C-alpha cells in the first residue's frame, strides 16, 4: 500500500519528465524528416541546375536523405535517454552481422555506386543488360529501373547490371543499320546495287558520312545476298530501317528484280498400269 502511495506521488513527475522527453523526441523526428526531405530536394535542384546527369541527381538525393534520417534517429534515441555512444558500438556490431547476412544487398549498393561513378549507362539510354533490354528510367541505391518499348517496367538488381555485359545503344550519336537483301541468281547485280543505292540516297534520314555500304556478301542456296549498311542518327534508327525495307522492296519490284522465297518443286512420275 505504501509503495502504491509512493508511486502515486511520483507519477506526475514521471509523466512530466518522460512525457516531455517523448514529446521532444517526436518533435526532433518530425523536424529531422522535414529537414531530410528539404535538403534532399535542394540537393537535387542544385545538381540539376548545374547540368548533372539525372541519374546522379537521384542517387545522391537518396543518399543525403538516408544519412540525415539516420542522424535524426540517433538524436531521437539520445533524447529518450539511450546512450548513443554505446548505441553506435552496438550498431557497428549489428551492422557487421547484418552486412554478412545481406551481402547481396550490399553488392547491389556497391554496384549502384560504380554505375554512377563510371556511367556505362544513364537515364534515357536504351541498353541491353541482365538478360533484358529497355530504356533506363532510374538507377537507385539497390536497383535499376528499365522501361521496355512496349511500356513494361523492369527492375533489375544493380549487381546483375554491372556484372554482365552492357550494350548501350544510346552511347553514340549515330548507328548503322544492318540489312541483308537477297535477289535471284538471274538478277543483274550492277542494276540491283544501283536500285538499292538510289532508295538509300532518297531517304533524308540516311547520313552521307560515313558512306553507306552496299556489297554482295554471299552466294546463298537460292539467292545472291547483298549487305546494305547505311548510317543514321540514333533516334532515326527504327523508322529508317522500316522505311528502307519497304521502299527497297517496292523499287526492286518496279525494276523487275525478283526476291526469291522458299519453294519446292514436286515431280510426279506416272504410275505403272495395273494388269
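Structure values in brief
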item: Proxy reagent accessibility, fewest Cβ within 10 Å first, across 73, 219, 189; result: 219, 189, 73
item: Hydrodynamic radius by Kirkwood, which averages 1/r over all alpha carbon pairs of the stretch 188-236, in angstrom; result: 11.8
item: Cα→Cβ-extended label distance, 7 Å offset, between residue 169 and residue 22, nm; result: 5.8
item: Residue order, fewest to most beta carbons within 10 Å, for 56, 147, 46; result: 46, 147, 56
item: Efficiency of FRET between residue 133 and residue 233 - r from beta-carbon atoms, R0 25 angstrom, step 0.05; result: 0.80
item: Distance (nanometres) between label positions extended 7 Å along Cα→Cβ at residue 245 and residue 193; result: 2.6
item: Paramagnetic reach from residue 213 (point 7 Å along Cα→Cβ, amide N under 18 Å) across the stretch 144-181; result: 174-181
item: Spatial extent of the stretch 155-275: Rg and Dmax, with the Cα atoms as the point set, Å; result: 21.3, 80
item: Between the stretch 212-245 and the stretch 105-151, the Cα center-to-center distance that results, in Å; result: 31
item: Residue exposure sequence - 228, 216 - by fewest surrounding Cβ within 10 Å; result: 216, 228
item: Computed FRET value (nearest 0.05) for residue 180 with residue 110, which takes r as the C-beta separation and R₀ as 45 Å; result: 0.55
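Computed from the coordinates by the stated procedures, all read-outs in this text should not be read as laboratory data. Note that this is a predicted model, so its numbers are computed, not measured. Please note: Cβ atoms are built from the backbone with ideal geometry, for glycine as well, and neighbour counts cover all protein chains shown.
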